[in-house]
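The values are calculated or read from the model by the stated rules, or taken from the named source; none is laboratory data. What you see is a predicted model; the values in this text were computed from it and never measured. Cβ placement follows ideal geometry from the backbone for every residue including glycine, while neighbour counts extend to all protein chains displayed.
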Amino acid sequence: MSGLPLLTILIALPLVAGALCLFVKANAARWIALVATMIELALSAYLWVQFDPNGAQWQFVESQPLGGGIGWKLGIDGIALVLIALTAFLMPICIGASWRAIEKRVPEYMAFFLLMEALIMGSFTAQDLFLFYIFFEGGLIPMYLIIGIWGGAEKIKASYKFFLYTLLGSVLMLIAMLYMRSVAGTTDIPALMAYDFPKEAQTFLFLAFLASFAVKLPMWPVHTWLPDAHVQAPTAGSVILAGVLLKLGGYGFVRFSLPMFPDGSAQFVPLMFVLSGMAVVYTSLVALVQTDMKKLIAYSSVAHMGFVTFGLFAMNRQGIDGAIMVMLGHGLVSGALFLCVGVVYDRLHTREIARYGGLSDNMPGYALLFMVFTMASVGLPGTSNFIGEFLSLVGTYKASTWAAIVGTSGIILGAAYMLWLYWRICFGTQRHADAAAMPDLLAREWWLLAPIALAVFWMGLYPESFLKPIRNDVGRLMVRLERVAPAGDSRQTPGSAVAREEAH
């Protein structure tokens, strides 16, 4: 397979399968989507096995001029690789979760999901500035339609809010890209990552990209579209929105803001820490008072993304390693939690927490897996979120003691709202006969949730398998950031910092 354009196939396969879904009946469309996403998973696993962590930064590179200064340039580093693997892992689970839940316009639904997978894969593999922009913004369209057509009672409002927030945030980014092309004379992303833009321009460039990535992540206070989108989206839509689409914002910071605008990024570290602290504390407090399961988990996603921005803008190895691991861990756990909500919603058709209680009596298998994902969400050692949050906070502490204290309070609040949710759902008194009569997990639901549980423990018990592919790429990023990284409370002289990084 070494001679094949693997990344092009990774993008083209779901596009072709999605087009085919439009010409068949519902059941055939389901099977086409499942087979296509399973092949994508196998292909991403092959890329993982063939990727050399100690080799060149960019691997599986493809390049073909398209004209107009834009080229079909694809390639991945370790950071893109782990996010591609996360996407490929969650997509067949989303198709399985939609197997019975989606009954109307099934071919179109499957086609939109496959289109979204192709555009996400394109965003992670693009090495041309404007090609990335096309993929990045194109991913809005299928999710907008999934929410607007297959969503809940207020789906139109939620879909418009989602689309307008994320689209308007990207207008400034496009203007900044045009400026970058005119100054650097290239749209090649690897070349731009090594280009030194004027310091005065980096302020504008950083803010322009922040306008897009902050909405996509999302950061406080531009997070308000997310709870509405999650509540109205079908279960699989919430899984892929929280599991993958939010990670495009964090990926954008790693790929563009930090390496291309290091001086601009350093200038706004205090602002990013303040916004991250607000996200962690404020949205955790809001989550504590929610009565809707989906909305509570949606607010928890905003809080967890605060750990991502804390780690990234600490601008040290531990912080950036931790931010990437938080993105991966949260992608698994949040997706699983939304699937758990979908399981009981399919039985009782309500997400109100008060309608449940005592489910451990009649749904012990469900209570067991829900407990695993709850513990992972609060960062229990041995689960996926622990290593990311720990590294992120260590990195944050090296940059700012106060920021680390605020971030740590988010872990305490996270334990409060997640354990409070679990107690109200699975323990307590069974007050409603219909909830007490619900059957335990079906075989199909075990097949959806068990693989995520295994991945949660794999990542928690052996995080080195995920840190190894990104280690050299984070080291290359640190070369760009070392000069401007914040001199925090526990940070020593620049020379000793370089020595510590090299020793690591």
Checking residue 320 against (1) touching an Asp or Glu at 6+ places or on another chain (Cβ under 9 Å); (2) crowded, with 24+ Cβ neighbours inside 10 Å; (3) of a type outside the set (Lys, Arg), which single condition isn't satisfied? (1)
Taking only the range 389-427 into account, find how many residues are assigned to a helix (DSSP H, G or I) and either over 17 Å from residue 279 (Cα atoms) or among the β-branched types (Val, Ile, Thr) (or both). 22
Out of everything in the range 379-388 that is hydrophobic (A, V, I, L, M, F, W, C) and part of a helix (DSSP H, G or I), what residue ends up being surrounded by the most Cβ atoms within 10 Å (Cβ to Cβ)? 387
With respect to residue 374, determine if the residue is touching a helix residue (DSSP H, G or I) at 6+ places or on another chain (Cβ under 7 Å), touching a residue at least 60 places away in the same chain (Cβ under 8 Å) and either surrounded by 22 or more Cβ atoms within 10 Å (Cβ to Cβ) or of a type in the set (A, V, I, L, M, F, W, C) (or both). no
Which numbered condition residue 408 misses (of (1) under 23 Å from the mean Cα position of the chain (by Cα); (2) touching a residue at least 60 places away in the same chain (Cβ under 8 Å)): (2)
Restricting attention to helices (runs of 4 or more DSSP H) lying wholly within the range 138-250, give those where 3 or more residues are surrounded by fewer than 20 Cβ atoms within 10 Å (Cβ to Cβ) and free of Cβ contacts under 8 Å to residues at least 12 places away in the same chain. 155-184
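Okay, residues lined up against (1) within 24 Å of residue 475 (Cα to Cα); (2) modelled with pLDDT of 90 or more; (3) touching a Phe, Trp or Tyr at 6+ places or on another chain (Cβ under 6 Å):
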residue: 13; (1), (2), (3): no, yes, no
residue: 16; (1), (2), (3): no, yes, no
residue: 67; (1), (2), (3): no, no, no
residue: 75; (1), (2), (3): yes, yes, yes
residue: 84; (1), (2), (3): yes, yes, yes
residue: 89; (1), (2), (3): no, yes, no
residue: 104; (1), (2), (3): no, no, no
residue: 111; (1), (2), (3): no, yes, no
The residue from 367, 336 that alone is among the small types (Gly, Ala, Ser) and without any contact (Cβ under 8 Å) to a residue 60 or more places away in the chain is 367
Among the residues that make up the range 259-275, is at least one of them in a helix (DSSP H, G or I) and within 24 Å of residue 374 (Cα to Cα)? no
Residue 36 passes all but one of the listed conditions (1) crowded, with 23+ Cβ neighbours inside 10 Å; (2) within 24 Å of residue 330 (Cβ to Cβ); the exception is number (2)
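Which residue, of 286, 344, is out of contact with any strand residue (DSSP E or B) (no Cβ under 9 Å at 6 or more places or on another chain), under 30 Å from residue 427 (Cβ atoms) and without any contact (Cβ under 8 Å) to a residue 24 or more places away in the chain?
286 is the lone residue from the list that is out of contact with any strand residue (DSSP E or B) (no Cβ under 9 Å at 6 or more places or on another chain), under 30 Å from residue 427 (Cβ atoms) and without any contact (Cβ under 8 Å) to a residue 24 or more places away in the chain.
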Any chance residue 291 is hydroxyl-bearing (Ser, Thr, Tyr) and farther than 15 Å from residue 218 by Cβ: yes
Note down all Cβ pairs under 7 Å where the first residue falls in the range 447-471 and is small (Gly, Ala, Ser), the second is surrounded by fewer than 14 Cβ atoms within 10 Å (Cβ to Cβ) and not in a helix (DSSP H, G or I), and they're at least six residues apart or on different chains. 460/382
Out of all the residues in the range 180-213, which are of a type in the set (Phe, Trp, Tyr) and over 12 Å from residue 260 (Cβ atoms)? 204, 213
Just for the range 338-370: of the residues that are of a type outside the set (Ser, Thr, Tyr) and outside any helix (DSSP H, G or I), which one is nearest to the chain's Cα centre (by Cα)? 351
Out of the range 102-135, which residues are out of contact with any helix residue (DSSP H, G or I) (no Cβ under 7 Å at 6 or more places or on another chain), part of a helix (DSSP H, G or I) and without any contact (Cβ under 8 Å) to a residue 60 or more places away in the chain? 134
Go through the range 66-119 and report how many residues are among the small types (Gly, Ala, Ser), under 19 Å from residue 145 (Cα atoms) and buried (at least 20 other Cβ atoms within 10 Å of the Cβ). 4
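Mind listing whichever residues of the range 43-65 are of a type outside the set (A, V, I, L, M, F, W, C) and not in a loop (DSSP other than H, G, I, E, B)?
Once the filter is applied, which keeps residues that are of a type outside the set (A, V, I, L, M, F, W, C) and not in a loop (DSSP other than H, G, I, E, B), the range 43-65 yields 44, 46, 50, 59, 62, 63, 64, 65.
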If you scan the range 272-300, which residues turn out to be in contact with a His (Cβ under 9 Å, 6 or more places away or on another chain) and of a type in the set (Phe, Trp, Tyr)? 299
Where in the range 429-499 are the helices (runs of 4 or more DSSP H), entirely inside, with at least 1 residues that are aromatic (Phe, Trp, Tyr), within 30 Å of residue 352 (Cβ to Cβ) and at pLDDT 90 or above? 443-461
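Here's the yes/no breakdown for (1) more than 23 Å from residue 99 (Cβ to Cβ); (2) in contact with a Pro (Cβ under 6 Å, 6 or more places away or on another chain); (3) hydroxyl-bearing (Ser, Thr, Tyr); (4) surrounded by fewer than 12 Cβ atoms within 10 Å (Cβ to Cβ):
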| site | (1), (2), (3), (4) |
| --- | --- |
| 437 | yes, no, no, yes |
| 443 | no, no, no, yes |
| 449 | no, no, no, no |
| 471 | yes, no, no, no |
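Rundown of residues vs (1) of a type in the set (S, T, N, Q); (2) touching a Gly at 6+ places or on another chain (Cβ under 7 Å); (3) under 26 Å from residue 89 (Cβ atoms), yes/no style:
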site: 411; (1), (2), (3): no, yes, yes
site: 429; (1), (2), (3): yes, yes, no
site: 434; (1), (2), (3): no, no, no
site: 441; (1), (2), (3): no, yes, yes
From the options 309, 291, residue that is more than 13 Å from residue 385 (Cβ to Cβ), surrounded by 24 or more Cβ atoms within 10 Å (Cβ to Cβ) and of a type in the set (S, T, N, Q): 309
